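The structure appears right after this line, and notes come after that.
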Amino acid sequence: QVQLVESGGGLVQAGGSLRLSCAASGRTFSSNVMGWFRQAPGKEREFVAAIGWNGGYIRYADSVKGRFTISRDNAKNTVALQMDSLKPEDTAVYYCALSNLYAPVVPDEYDYWGQGTQVTVSS
């Protein structure tokens, strides 16, 4: 059993930055891919970024590429999402997720999910 807990969400002005963190506990393995998704009211859950166990696999959604940076610390079982140049359209609940697959992107490919953390970007 794996538990994921997100933190770091909050309210920020457009153009500002936030750093989200996800801590994993339980039976975690470095081979797992960890990712971030987000969901705004009335919208489908959207892939944001993912990173493989050794950082060799890194993927970003086009909407955040160049602005967000995902990183992983296997020793601490954590994954972070550095969000820069935030836009109002980035406003959503951000979820941390873990997958046992090599290169998962869609939500169905992830096995564990955190509770989510709210990110609100004001204009």
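Tell me, please, whether a residue that is in contact with a strand residue (DSSP E or B) (Cβ under 9 Å, 6 or more places away or on another chain), part of a loop (DSSP other than H, G, I, E, B), surrounded by 17 or more Cβ atoms within 10 Å (Cβ to Cβ) and in contact (Cβ under 8 Å) with a residue 40 or more places away in the chain can be found in segment 64-79. Scanning segment 64-79, I find at least one residue that is in contact with a strand residue (DSSP E or B) (Cβ under 9 Å, 6 or more places away or on another chain), part of a loop (DSSP other than H, G, I, E, B), surrounded by 17 or more Cβ atoms within 10 Å (Cβ to Cβ) and in contact (Cβ under 8 Å) with a residue 40 or more places away in the chain, so the answer is yes.
Can you find even one residue in segment 32-46 that is of a type in the set (D, E, K, R), open to solvent by less than 20 Å² (accessible area, probe 1.4 Å), at pLDDT 95 or above and in contact with an Asp or Glu (Cβ under 7 Å, 6 or more places away or on another chain)? Yes: segment 32-46 contains one or more residues that are of a type in the set (D, E, K, R), open to solvent by less than 20 Å² (accessible area, probe 1.4 Å), at pLDDT 95 or above and in contact with an Asp or Glu (Cβ under 7 Å, 6 or more places away or on another chain).
The lone criterion from (1) open to solvent by 40 Å² or more (accessible area, probe 1.4 Å); (2) closer than 16 Å to V121 by Cβ left unmet by Q3 is number (2). Residues that are among the small types (G, A, S) and more than 14 Å from Y110 (Cα to Cα) within segment 25-55 comprise S25, G26, S30, A40, G42, G55, listed in sequence order.
Select from segment 85-115 the residues that are assigned to a loop (DSSP other than H, G, I, E, B) and buried (at least 18 other Cβ atoms within 10 Å of the Cβ) and list them in ascending order. Let's see the steps before the verdict.
Let us first name the residues in segment 85-115 that are assigned to a loop (DSSP other than H, G, I, E, B), namely 85-87, 91, 100-106, 110-111, 114-115.
Matches in segment 85-115: L86, T91, P104, Y110, G114.
Restrict the check to segment 49-58 and report whether at least one residue is open to solvent by 60 Å² or more (accessible area, probe 1.4 Å) and not in a loop (DSSP other than H, G, I, E, B). Yes, some residue in segment 49-58 is open to solvent by 60 Å² or more (accessible area, probe 1.4 Å) and not in a loop (DSSP other than H, G, I, E, B). For segment 88-114, residues that are in contact (Cβ under 8 Å) with a residue 60 or more places away in the chain and either over 24 Å from R67 (Cα atoms) or of a type in the set (S, T, Y) (or both) total 9.
Answer yes if at least one residue in segment 7-15 is modelled with pLDDT of 95 or more, crowded, with 21+ Cβ neighbours inside 10 Å and assigned to a strand (DSSP E or B), and no otherwise. Show your work before the answer.
Looking only at segment 7-15, we keep the residues that are modelled with pLDDT of 95 or more, and these are 7-15.
Now narrow it down to the ones that are crowded, with 21+ Cβ neighbours inside 10 Å: none.
No, there is no match, as no residue in segment 7-15 is modelled with pLDDT of 95 or more, crowded, with 21+ Cβ neighbours inside 10 Å and assigned to a strand (DSSP E or B).
The values are calculated or read from the model by the stated rules, or taken from the named source; none is laboratory data. Keep in mind the model is a prediction, meaning the values are calculated, not measured. Ideal geometry is used to build each Cβ from the backbone, glycine not excepted, and the neighbour counts take in all protein chains shown. With ligands, DNA and RNA removed, areas are computed over all heavy atoms of the protein, side chains included. Shrake-Rupley method; radii C 1.70, N 1.55, O 1.52, S 1.80 Å.
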